[in-house]
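Novice: My questions will all concern the structure given below.
The values are calculated or read from the model by the stated rules, or taken from the named source; none is laboratory data. Keep in mind the model is a prediction, meaning the values are calculated, not measured. No Cβ is skipped: glycine too gets one built from the backbone with ideal geometry, and neighbour counts run over all protein chains shown. Protein only, heavy atoms only, side chains kept; ligands, DNA and RNA dropped before computing areas. Shrake-Rupley method; radii C 1.70, N 1.55, O 1.52, S 1.80 Å.
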Amino acid sequence: MSLHGKRKEVYKYEAPWTVYAMNWTVRPDKRFRLALGSFVEEYNNKVQIVGLEEKSSEFVCRSTFDHPYPTTKIMWIPDTKGAHPDLLATCGDYLRIWRVSDAETRLECLLNNNKNSDFCAPLTSFDWNEVDPNLLGTSSIDTTCTVWGLETRQVLGRVNLVSGHVKTQLIAHDKEVYDISFSRAGGGRDMFASVGADGSVRMFDLRHMEHSTIIYEDPLHHPLLRLCWNKQDPNYLATMAMDSPEVVILDVRLPCTPVAKLSNHRACVNGIAWAPHSSCHICTAGLQLSFKGPQKFYFKLCLKT
């Protein structure tokens with residue numbers, strides 16, 4: 001990763017359309033690889049696989065494939081050892097699992113939990129379990145969350161080597177569910193949380209699905225759009241409300257009482273991410289209002305105390 005003997009610090013890639021979803025791969029044999037999802041206001045959208053050409057120190061497009069509607073989220077399989085097939089998941093109208101290779105990217109399976117109706121409730125988000133990559137959870141506008149079991153065994157003589165089945169489906173909220181995320185608590189496999197239009201954060205355990213825990217409710221019942229677990233300390237998570245400049249930090253040991261509210265933004269927050277190496281750093285992204293020019297997107301790095 002050198003350029004004329006000096007280390008290049010900034011790498012740039014311009015997609016041919018507005019980028020709406022993005023995710024890094026974690027496979028050790030596929031360093032510096034990204035998946036990008038387009039936002040085009042029509043049925044036909046795209047996903048690009050982008051990789052770093054280390055000789056030229058430039059990101060280049062490795063492949064492009066068609067995708068129905070914009071991807072509301074895109075995520076590589078969390079396989080840090082390269083033990084599973086090279087898979088990519090996207091959600092929009094359905095959850096789709098794609099197999100990526102140097103030659104092509106092909107659809108392995110389309111996961112639909114409502115096969116008795118032509119109606120499709122769009123998926124707002126999903127999460128791939130880091131401890132057990134055979135588990136994925138999706139959130140939907142129909143107030144439900146669905147946990148899928150994925151089979152990725154290599155079977156000779158089959159065209160589609162990946163398949164999935166519904167492990168459990170539950171009515172998670174009173175209104176639309178906007179995000180879902182697995183927690184690293186309790187072994188990192190069975191616990192997850194969700195947020196939705198009813199303004200609540202709810203926590204579930206796959207081993208005890210008969211009840212859930214309300215961790216937080218927005219005082220004004222504003223919809224909560226995203227949640228993100230602390231990567232190092234599973235007691236903490238962050239969430240944000242619609243059109244709010246604040247990020248709310250929660251402790252699951254103290255339900256319904258925020259431990260902090262980060263109010264550094266001047267306009268609405270639209271993205272949050274905890275640092276992978278630290279329990280006290282979080283990055284937030286938002287819209288900066290400018291009266292002298294066009295609106296700008298920016299981010300801030302905050303220290304949790």
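Novice: Hey, residue 207 hits all of (1) part of a strand (DSSP E or B); (2) open to solvent by 20 Å² or more (accessible area, probe 1.4 Å); (3) under 20 Å from residue 130 (Cβ atoms) but one; which does it fall short on?
Specialist: Result: residue 207 passes all but (1).
Novice: Residues of the range 44-56 being surrounded by fewer than 16 Cβ atoms within 10 Å (Cβ to Cβ) and either touching a residue at least 40 places away in the same chain (Cβ under 8 Å) or outside any strand (DSSP E or B) (or both), which ones?
Specialist: 54, 55, 56 - these are the residues of the range 44-56 that are surrounded by fewer than 16 Cβ atoms within 10 Å (Cβ to Cβ) and either touching a residue at least 40 places away in the same chain (Cβ under 8 Å) or outside any strand (DSSP E or B) (or both).
Novice: Do we find that residue 96 is open to solvent by 10 Å² or more (accessible area, probe 1.4 Å), among the basic types (Lys, Arg) and under 24 Å from residue 144 (Cβ atoms) in this structure? Give the derivation first.
Specialist: On the way: open to solvent by 10 Å² or more (accessible area, probe 1.4 Å): yes; among the basic types (Lys, Arg): yes; under 24 Å from residue 144 (Cβ atoms): yes.
So residue 96 fits the description; yes.
Novice: Which residue pairs have Cβ atoms under 6 Å apart, sit 6 or more places apart or on different chains, and have a first residue in the range 63-76 that is more than 10 Å from residue 38 (Cβ to Cβ) and a second that is open to solvent by less than 20 Å² (accessible area, probe 1.4 Å) and among the aromatic types (Phe, Trp, Tyr)?
Specialist: So the pair list comes out as 73/126; 75/128.
Novice: Then there is this: For residues in the range 20-67 being hydroxyl-bearing (Ser, Thr, Tyr) and within 17 Å of the chain's Cα centre (by Cα), which is nearest to residue 270 (Cα to Cα)?
Specialist: 20
Novice: Do the conditions hold for residue 80, that is, is it of a type in the set (Val, Ile, Thr), modelled with pLDDT of 95 or more and either open to solvent by less than 70 Å² (accessible area, probe 1.4 Å) or within 25 Å of residue 164 (Cα to Cα) (or both)? Before the answer, list the steps.
Specialist: Values: of a type in the set (Val, Ile, Thr): yes; modelled with pLDDT of 95 or more: no; either open to solvent by less than 70 Å² (accessible area, probe 1.4 Å) or within 25 Å of residue 164 (Cα to Cα) (or both): yes.
So residue 80 fails the test.
Novice: Spot the failing condition for residue 133; the list is (1) part of a strand (DSSP E or B); (2) open to solvent by less than 30 Å² (accessible area, probe 1.4 Å); (3) not hydroxyl-bearing (Ser, Thr, Tyr), and only one is missed.
Specialist: Residue 133 satisfies every listed condition except (1).
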